[in-house]
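This report refers to the structure that appears directly beneath it.
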Amino acid sequence: MDGLYIGLVLVPTLIGVLAAVSCALLGNFLVLRKQSLMGDAVSHVVLPGIVVAFIFTGSMSVGPMLLGAAAAALLSALLIELVRNLGKVEPGAAMGVVFTALFALGVVLLEQSDTRDVHFDVEHALYGNLESLVWLAGMDASSMFEPEALADLPPQLGRLALALVAVIAFLVFFWRQLVVSTFDPVFAHAAGVPVRFVGAALISLVAVVAVTAFEAVGAIITIAMLICPAAAARLMTNRLLPQILWSVFFALVSAVVGFWAAGSGMELIGSGFSVSAAGMIAAVSGAILGLCAVAAPQRKGALGH
Amino acid sequence: MNVHNTDAGAALTVRGMSVAYGDKPALSSVDAIFKQGRMSAVVGPNGAGKSTMLKAAMGIIPAISGEALFFGRPLAEARSRVAYVPQRASVDWDFPATVIDVVMMGLYRSLGPFRLIGRSQREFALDCLEDVDMASLANRQIGQLSGGQQQRVFIARALAQKADLLMLDEPFAGVDAATEKTIITLLKKLVAEGGTAVAVHHDLSTVTAYFEDVLILNVRRIANGTVAKAFTDANLAEAYGGRLTQATPVLQKTV
Amino acid sequence: MIDATAFVNALTFNAGYNTAIVAIGAVLLGWAGGTVGTFLLLRQRSLVSDALSHATLPGVGIAFLVMAWFGGSGRFLPGLLIGAAISAMLGLASVEWLTRRTRLQSDAAIGAVLSSFFGLGVVLLTVIQSLGIGRQAGIGSFLLGSTSGMLRNEAITLAVLALGVAFLVFVLRRQLTLVCFDETFARTSGIDIRRTDLLLMLLVMAVTVTGLRVVGLILVVALLIIPPVAARFWTDKTNTMVVVSGFVGAVSGFIGTALSASVPNFPAGPVIVLVAACLFVFSLLFAPARGVFYGLYRSRAFSRKVHRRQGLLAILRGEAIYDRDTIKVLKGEGYINADATPTKTGLDAAENAAREEALWTIYLRDNPDAAYRAARMRLDPIAERLTTGEIAELEKQFSGPAAALPVQ
Ligand SMILES: Nc1ncnc2c1ncn2[C@@H]1O[C@H](COP(=O)(O)OP(=O)(O)OP(=O)(O)O)[C@@H](O)[C@H]1O
Ligand SMILES: [Mg+2]
């Protein structure tokens, strides 16, 4: 295998795939719970979290940044619940209020602090920079077995792999609780399923994945992958397990095709530049959903609309 | 807390239960006893708080005061002995689950979160479906059923819970006469085997035929006891107000 | 940090021509957003606006490319806004189509459209970047908005647009109120619901596109969502809500732009949103109609009433009281001593409660028709609910000592 290919294409693609699949897995439950936009809200709120973490620690190191972002994401989920319950505001509007307010706060704090000196801006937060997560030490296939070379892998790869493992473990261990409380919360409550806990755990995990993915690939992939593959998979089948497998497949395709189209694909059509891979991946996932909406077997659903 | 003077043989004891939505009372200081091994009806006009009482007893909504004891114990200690079928299951009918999947959710307590579903569980779930005449539709997606069929699936799920006390909120709403008969026969059989059923019921003309005990409710308790003693014209008039006086033929038949 | 004179200058439109124009624009925009947003909230479609605003990005990018292609500067604001409007419409149509034609619920449709259109927009932005034409200066500001580098004719364009939107909203508000308030009635009185909905969405789009340059596409939804949610706490009436919401929006626009003009590094868009958010928090907590504190006060007062009555009746019957809340209420009001024995006032109050209870019971026996209503009033002193004549009637039947009467 060509070394450059591994380092410059395979590794970033793999990072994209890991992020996409983690998001898509959780996305199935968000879509079924009609909480798709929680992912949207949580991803927006990552910005103020990072800025606050920076203001407190004065450094752009990864640890505090991830911690700040995760804290902000959880805080926003909590605030949304609070606004919903205290104010009896419909969920969509409650989300809208909370995430715009927190995002605005993040931007103002960003402008007021001097994070700009250390090169951090909103655009970065939104689209990430997948193309730059390359593995320069990976010169040929054999370097996959060399410890020093492996140590040079982008750290995001490891973190995202860990996140994916966490997501899979969560789904396996909480499968029954998750399904029962998603389908019929009242029954689940009566049967003794810890409904609130399961819901909170799901949202926390979305936050964790959003934060990890965001650091690697930007908020936009997170939002797209939390929703589009699961929504498209929903149109393919009437069974839950197949739906989840479809969503993973769609996430995979979006990440691979998107990354390819943003780089090599552009060369192929003769343009001399490449475009944002994150944006392309999101757009491809949207296109897949569009196709499914036109032609998928179960697009109408049981209720016929 | 106070486990004192619980009536022996009560499957569900409701004591001094008050519930309000905001500052609008829905139940005021209701006392009621549902005896073990009997069929009990809860009747009352729309908005009387019947569903509210069941929900508060199941801990789904908070009560301002009062308590509900199941077999003399608080709900937390008796959860696996109680099954509850809500008035209108507020589920997403488009959910990717089949009929049998839904029934097997009733096995949640006996399986716990981790034990896998085996052949015997599947067969048991099919038996439960058989009981409500739905076995032939076991592999349908739940949205592809009629309203009455959906109701039957939820009753089958409650059966799968193998509970000693079944609490059903209007099990016959939107169900055809044949199904109503099936369900009532089934409930009577369960009760004959020592189970207990509490059902919110709207059809006053069948109360005497179906049930042994009754609670007449309208925000407060109007009467609670055997059908013979409690299901009287006076009590019904107090619950339903003058609206019922035109419907005397029904009442004459029942009393 | 905040420069007081600059702030006052900005508040009084004395901070320069551009700032004044922008402030006027922001006030009009805030008002229009709040008003339109109310209808959006009442139709439960608040977040559709989020999809709409994110969907503007590819339009902006394409408009830029097209204008650059034909040799223009690419930064021409009206051109960019037209592009934004067209792609917003496409986004909206996609949301509608997904919810109508597939089994997807609106939340998934909104999220999908939002993210994929935005992704496409980002791709186009990077194209523009790598083409090296005209920097993204004109376009970057569409993400977060900015008023600082705004040219005079841009400011005027926006103010005029805002005026136009505000005017449209003003003209259409009656029809929208009718549809949002009572769909069936609106239908029977000959209003075409679908057309009105479409109109509503057009207004939402107009607000979004106008707000794009000032507040930015990520935050412009706040103008449509926060003011009506805040207004909801003050009133239950649609008409009042429309007015309050418009007011909240306008105030946010006004104070926000003033703050932004007088404090360095205070971007107008986010500051406007934060002002609105502050107004929201204030409303959530303190509004009398549905605010948290008032609601808490009312449900606590009611819960006290229940415990008081139950406790007093238990005292009268000589039963022990177990409920901790009941004990707390009775102790707090001096009805029982520390050792749970009733005080003198406690006994008197119990006697009185039993009398009330007995009178209610007699009343209900005699008036089954009123039972339904009366059951809910039972905790109130009977004198507040019945006329003195009615009570006197009841008193006649009420002869024995209170304790002897049937207490439920
Ligand atoms: N979630 C809620 N919020 C506010 N009020 C409620 C709520 N649920 C019920 N209510 C009110 O509480 C009262 C009792 O409602 P409940 O559902 O218990 O009545 P019900 O006896 O079951 O009536 P039905 O025969 O119509 O089912 C009604 O007046 C109802 O309007
Ligand atoms: Mg009911």
Would you please name the residue that is surrounded by the most Cβ atoms within 10 Å (Cβ to Cβ), looking only at residues in segment B:194-213 that are within 16 Å of ligand 2 (Cβ to nearest atom) and in a strand (DSSP E or B)?
B:Val198
Quick check: is even one residue across segment A:32-44 more than 9 Å from chain C (Cβ to nearest Cβ) and out of contact with any helix residue (DSSP H, G or I) (no Cβ under 9 Å at 6 or more places or on another chain)?
no
Away from chain C (no Cβ under 13 Å), surrounded by 16 or more Cβ atoms within 10 Å (Cβ to Cβ), out of contact with any helix residue (DSSP H, G or I) (no Cβ under 7 Å at 6 or more places or on another chain) and closer than 30 Å to A:Gly301 by Cβ - does that describe any residue in segment B:38-58?
yes
Does segment B:146-185 hold any residues that are farther than 24 Å from B:Ala11 by Cα, hydrophobic (A, V, I, L, M, F, W, C), in contact with a helix residue (DSSP H, G or I) (Cβ under 9 Å, 6 or more places away or on another chain) and modelled with pLDDT under 90, and which are they?
B:Ala173, B:Val175
Looking at (1) under 30 Å from C:Phe293 (Cβ atoms); (2) more than 15 Å from ligand 2 (Cβ to nearest atom); (3) crowded, with 18+ Cβ neighbours inside 10 Å, can you tell me which one B:Ala26 breaks?
(2)
Condition first: touching a residue at least 60 places away in the same chain (Cβ under 8 Å) and within 11 Å of chain C (Cβ to nearest Cβ). Can you find one or more residues in segment A:243-252 that meet it?
no
Here is a check on your reading of the model: is C:Ile327 part of a helix (DSSP H, G or I) and surrounded by fewer than 18 Cβ atoms within 10 Å (Cβ to Cβ)?
yes
So which residues in segment C:28-58 are among the β-branched types (Val, Ile, Thr) and over 19 Å from C:Val171 (Cβ atoms)?
C:Val48, C:Thr56
From the option list C:Val209, C:Val229, C:Val204, C:Val221, single residue qualifying as in a helix (DSSP H, G or I) and either of a type in the set (S, T, N, Q) or more than 18 Å from the chain's Cα centre (by Cα) (or both) is C:Val209
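Matching residues to (1) farther than 17 Å from B:Asn224 by Cα; (2) within 16 Å of ligand 2 (Cβ to nearest atom); (3) not charged (D, E, K, R):
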| site | (1), (2), (3) |
| --- | --- |
| B:Gly22 | yes, no, yes |
| B:Ile33 | no, no, yes |
| B:Gln36 | no, no, yes |
| B:Lys50 | no, yes, no |
| B:Lys55 | yes, yes, no |
| B:Ile60 | yes, yes, yes |
| B:Leu75 | yes, no, yes |
| B:Val82 | yes, no, yes |
| B:Phe95 | yes, no, yes |
Qualifying positions in segment B:81-119 - over 28 Å from B:Gly49 (Cβ atoms), more than 7 Å from every other protein chain (Cβ to nearest Cβ) and modelled with pLDDT under 85
B:Ser110, B:Leu111, B:Gly112, B:Phe114, B:Arg115, B:Leu116, B:Ile117, B:Gly118, B:Arg119
Do we have B:Leu166 as part of a strand (DSSP E or B), under 20 Å from B:Gln36 (Cβ atoms) and away from ligand 2 (no atom under 16 Å from the Cβ) here?
yes
For C:Ser87, which of the numbered conditions (1) part of a helix (DSSP H, G or I); (2) surrounded by fewer than 18 Cβ atoms within 10 Å (Cβ to Cβ); (3) among the hydroxyl-bearing types (Ser, Thr, Tyr) fails to hold?
(2)
Among the residues in segment B:220-240, are any more than 14 Å from chain C (Cβ to nearest Cβ), within 16 Å of ligand 2 (Cβ to nearest atom) and modelled with pLDDT of 90 or more?
no
For segment B:159-199, give me each residue that is within 16 Å of ligand 1 (Cβ to nearest atom) and either in contact with a His (Cβ under 9 Å, 6 or more places away or on another chain) or closer than 17 Å to B:Tyr84 by Cβ (or both).
B:Met167, B:Leu168, B:Asp169, B:Glu170, B:Pro171, B:Phe172, B:Ala173, B:Val198, B:Ala199
Output the residue which, of all residues in segment B:33-70 that are modelled with pLDDT under 95 and in contact with a Lys or Arg (Cβ under 6 Å, 6 or more places away or on another chain), is nearest to B:Ala239 (Cα to Cα).
B:Gly44
Quick check on my filter: what residues within segment A:77-127 are among the hydroxyl-bearing types (Ser, Thr, Tyr) and at pLDDT 90 or above?
A:Thr100
Checking B:Ala160 against (1) away from ligand 2 (no atom under 16 Å from the Cβ); (2) out of contact with any Cys (no Cβ under 6 Å at 6 or more places or on another chain): exactly one of these is not met. Which one?
(2)
I'd like to check which helices (runs of 4 or more DSSP H) are fully inside segment A:140-197 and have at least 2 residues that are aliphatic (A, V, I, L, M) and at pLDDT below 90.
A:147-151, A:185-190
Checking the structure you have, find out if any residue of segment A:198-212 is farther than 19 Å from A:Val46 by Cα and assigned to a helix (DSSP H, G or I).
yes
Go through segment C:29-80 and give me each residue that's aromatic (Phe, Trp, Tyr), more than 14 Å from chain A (Cβ to nearest Cβ) and not in a loop (DSSP other than H, G, I, E, B).
C:Trp31, C:Phe64, C:Trp69
Scan of segment C:81-100 for residues that are within 14 Å of another protein chain (Cβ to nearest Cβ) and touching a helix residue (DSSP H, G or I) at 6+ places or on another chain (Cβ under 7 Å), ordered by number
C:Ser87, C:Gly91, C:Ser94, C:Val95, C:Leu98, C:Thr99
Somewhere in segment B:117-132, is a residue within 16 Å of ligand 2 (Cβ to nearest atom) and in contact with a Leu (Cβ under 6 Å, 6 or more places away or on another chain)?
no
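The values are calculated or read from the model by the stated rules, or taken from the named source; none is laboratory data. Note that this is a predicted model, so its numbers are computed, not measured. As a convention, Cβ positions derive from the backbone with ideal geometry for all residues, glycine included, and neighbour counts pool all protein chains shown.
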